[in-house]
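Worksheet for the structure shown next.
The values are calculated or read from the model by the stated rules, or taken from the named source; none is laboratory data. Because the structure is predicted, anything quoted here is derived from the model rather than measured. Cβ placement follows ideal geometry from the backbone for every residue including glycine, while neighbour counts extend to all protein chains displayed.
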Amino acid sequence: MVRHIVFWKLKEEACGNTKLENAKIIKEKLEALQGKIPGIIDMQVGINENGGEYDAALISTFESMDALKSYDSHPEHLKVREFVKTVRESRASVDFNI
């Protein structure tokens, strides 16, 4: 199994929404991918309520590195990625075997 963790720093305003509104949209869109894309075991998005450098985080588990690669190029994920790119300032990620 592979753990895939992503952190986003969001723009104060983007796409006509506040940072918090966009974080909620990201959460809804990403968590909806579970069950639509093969290989996802678990997917959870948290919205930071304690300040800090990042505003939201994705913690997900995939069956394998191949499953993660398939997810990364899946059309449904690419739609979400395009939205996230328009509302984020920066991104950090890590992938590791568990």
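Selection of first residues in segment 70-97 that are touching a residue at least 12 places away in the same chain (Cβ under 8 Å) and of second residues that are surrounded by 12 or more Cβ atoms within 10 Å (Cβ to Cβ) and polar (S, T, N, Q), restricted to Cβ pairs under 7 Å at least 6 apart or on distinct chains, gives the following pairs, ordered by first then second residue: VAL87/ASN22. Within segment 32-46, if we keep just the residues that are in contact (Cβ under 8 Å) with a residue 24 or more places away in the chain and not in a loop (DSSP other than H, G, I, E, B), the residue that is surrounded by the most Cβ atoms within 10 Å (Cβ to Cβ) turns out to be ILE40. For the structure I just gave you, tell me whether GLU21 is modelled with pLDDT of 95 or more, over 12 Å from the mean Cα position of the chain (by Cα) and in a helix (DSSP H, G or I). It is true that GLU21 is modelled with pLDDT of 95 or more, over 12 Å from the mean Cα position of the chain (by Cα) and in a helix (DSSP H, G or I). Output the number of residues of segment 58-77 satisfying the condition of being of a type in the set (A, V, I, L, M), under 11 Å from the mean Cα position of the chain (by Cα) and either surrounded by fewer than 16 Cβ atoms within 10 Å (Cβ to Cβ) or assigned to a helix (DSSP H, G or I) (or both). Number satisfying all stated conditions: 1. Once segment 78-89 is narrowed to residues that are in contact with a strand residue (DSSP E or B) (Cβ under 8 Å, 6 or more places away or on another chain) and surrounded by 12 or more Cβ atoms within 10 Å (Cβ to Cβ), the residue that is nearest to ALA14 (Cα to Cα) is VAL87.
When restricted to residues that are assigned to a loop (DSSP other than H, G, I, E, B) and among the acidic types (Asp, Glu), segment 1-18 contains 1. When GLU49, GLU12, GLU53 are checked against the criterion of being surrounded by fewer than 16 Cβ atoms within 10 Å (Cβ to Cβ) and at pLDDT 95 or above, a single residue qualifies: GLU12. Is there a residue in segment 29-47 that is within 10 Å of VAL87 (Cβ to Cβ) and of a type in the set (Gly, Ala, Ser)? No, segment 29-47 contains no residue that is within 10 Å of VAL87 (Cβ to Cβ) and of a type in the set (Gly, Ala, Ser).
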